[in-house]
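Enquirer: Structure below; questions to follow.
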Amino acid sequence: MKVEDIRKMFPALDASVYGKPLVYFDNAATAQRMDKVLSLMGDLSAYHNANIHRAVHKLAGDATDAYEKTRDLVKEFLNASSREEIVFTSGTTASINLVAFCFGEAFIREGDEILVSEAEHHSNIVPWQLMCQRKKAVLKPVPVDDDGYLRLDVLENMISSRTKLVAITQISNVLGIINPVKEIVNICHSKGCKVLIDGAQGVVHSGIDVQDVDCDFYAFSGHKLYAATGTGVLYGKKELLEEMPPYMGGGEMIGTVSFKETTFAPLPEKFEAGTQNFNAVPTLGPAMEFARSVASDSEIVSYNEKVRDYLLEALLSDDRIRLFGVPHRTIDKAPVFSFAMKGVHHEDLALILDKMGIAVRSGQMCAEPVMDRFGVTGMLRASIAPYNTLEEAEYFIKSLEKAAAMLA
Ligand SMILES: Cc1ncc(COP(=O)(O)O)c(C=O)c1O
């Protein structure tokens, strides 16, 4: 596959903004949608729109089949051992909140500890804070070093007999450093605590084999993986999900309901209360297929690496730029580049770049603790997808210089 072939699959990439061709470098926030995703969602909404799992009519059967087939595809994609371990949610945030609440109810007692890294997205901090407040447990941050690497030695020492769970990102949405999740799980399991991996960025750039890594929970969002918004996945080991109480009550998550006693549905329905996002969930199918085909195509993998290496080199060689997340080896870095530029404010840079057709993220990126760690109030972030080209990367670097000169 060539990058031009990939670009043809994403209609948004043909857009112009302010008369300039769009350069979309905000992929870590949300990726663009493939035509297959858009047409599938349109087709399901137009011709197969019926609530799932309920009625006996043909439309309901089609919608249910599309939804449940997707569960099998997700199971394969993550290499989970059973489809009961795949719970559909609205995204990573919902998946982590589910675990924080239900794992908390089942397993956390007063004085227990949860560890997260200081480079987590708020989605992997605040749900644990809420749970710790409720259960009188303690949330502790594990530091990252000056280059943005998680301090594994400190993590190991911080795990005590009271540590029940470590919640860690596979790839920070700010630093882009790829955490050695298998090693982290090994350390945690050897000390008797469970591990949740926030795969919001990791699923896009590294993928995961949940049996190989042996994590207890894995969360990701469809919209960062080219699928429809409002889709997400929670993988959880069956024995843990079985022991956890339901998250929300409502239709579909029950066995029987009476005022005397209500019983709950088996997995995974126990965690899928109410009407599900059935027109959107099936878009995970073509999105995962695309992600897999990109990852296994050596031509496109080496092209994407070339774009990443060009940006890394260009940003590191400019002494006005402070890059956050400096890899010791290029393979440790996903194409997520957050930086600050001496003498210019990130928001001003982002506004000027926008006028040049370049969409980047600026600000705190839902990760205030990591801003504090590096002593800044915000950063500028360029995050790259397989459809981004070397020419776009070169245009970005030139435009950045121009914008900085305008602001100097
Ligand atoms: C690392 C990480 N975790 C969690 C999230 C939250 O994802 P969502 O807003 O799709 O629930 C994000 C989104 O940017 C992220 O990058």
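Enquirer: If you scan the stretch 70-120, which residues turn out to be within 16 Å of the ligand (Cβ to nearest atom), assigned to a helix (DSSP H, G or I) and not hydrophobic (A, V, I, L, M, F, W, C)?
Expert: T92, T93, S95, N97
Enquirer: Among the residues of the stretch 195-234, how many are touching a residue at least 60 places away in the same chain (Cβ under 8 Å), away from the ligand (no atom under 11 Å from the Cβ) and charged (D, E, K, R)?
Expert: Total meeting the criteria: 2.
One line per residue, one yes/no per condition, for (1) surrounded by 18 or more Cβ atoms within 10 Å (Cβ to Cβ); (2) within 30 Å of S399 (Cβ to Cβ):
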position: E4; (1), (2): no, yes
position: D35; (1), (2): no, yes
position: V56; (1), (2): no, no
position: R71; (1), (2): yes, no
position: S81; (1), (2): no, no
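Enquirer: Give me the helices (runs of 4 or more DSSP H) completely within the stretch 322-408, filtered to those with at least 1 residues that are outside the structural domain of V307 (by TED's automatic domain parsing), aliphatic (A, V, I, L, M) and surrounded by fewer than 16 Cβ atoms within 10 Å (Cβ to Cβ), ordered by residue number.
Expert: Output list reads 390-407.
Enquirer: Kindly check whether there is at least one residue in the stretch 357-369 that is among the aliphatic types (A, V, I, L, M), at positive phi and touching a residue at least 12 places away in the same chain (Cβ under 8 Å).
Expert: Yes, the stretch 357-369 contains a residue that is among the aliphatic types (A, V, I, L, M), at positive phi and touching a residue at least 12 places away in the same chain (Cβ under 8 Å).
Enquirer: Looking only at residues that are surrounded by fewer than 20 Cβ atoms within 10 Å (Cβ to Cβ) and hydrophobic (A, V, I, L, M, F, W, C) in the stretch 99-144, which one is nearest to V87 (Cα to Cα)?
Expert: F101
Yes or no, residue by residue, for (1) of a type in the set (A, V, I, L, M); (2) within 18 Å of the chain's Cα centre (by Cα); (3) over 30 Å from D354 (Cα atoms):
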| residue | (1), (2), (3) |
| --- | --- |
| M1 | yes, no, no |
| F25 | no, yes, no |
| D35 | no, no, no |
| L44 | yes, no, yes |
| I52 | yes, no, yes |
| A60 | yes, no, yes |
| T70 | no, no, yes |
| F88 | no, yes, yes |
| F103 | no, no, yes |
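Enquirer: Another question, then. If we keep just the residues of the stretch 147-162 that are hydrophobic (A, V, I, L, M, F, W, C) and not in a helix (DSSP H, G or I), which is farthest from G192 (Cα to Cα)?
Expert: L150
Enquirer: Now for a different question. Of everything in the stretch 373-400, what is touching a residue at least 60 places away in the same chain (Cβ under 8 Å) and more than 22 Å from the chain's Cα centre (by Cα)? Give them in sequence order.
Expert: If the condition is that a residue be touching a residue at least 60 places away in the same chain (Cβ under 8 Å) and more than 22 Å from the chain's Cα centre (by Cα), then T389, L390, E392, A393, E394, Y395, F396, I397 are the ones that fit.
Enquirer: Could you give every pair whose Cβ atoms fall below 8 Å, whose first residue belongs to the stretch 88-107 and is under 22 Å from L73 (Cβ atoms) and in the same structural domain as G274 (by TED's automatic domain parsing), and whose second residue is more than 8 Å from the ligand (Cβ to nearest atom) and of a type in the set (D, E, K, R), counting only separations of at least 6 or pairs across chains?
Expert: Filtered contacts from the stretch 88-107: F88/R71; F88/E272.
The values are calculated or read from the model by the stated rules, or taken from the named source; none is laboratory data. Just so we're clear, the structure is a prediction, and the values are computed from it rather than from any experiment. Ideal geometry is used to build each Cβ from the backbone, glycine not excepted, and the neighbour counts take in all protein chains shown.
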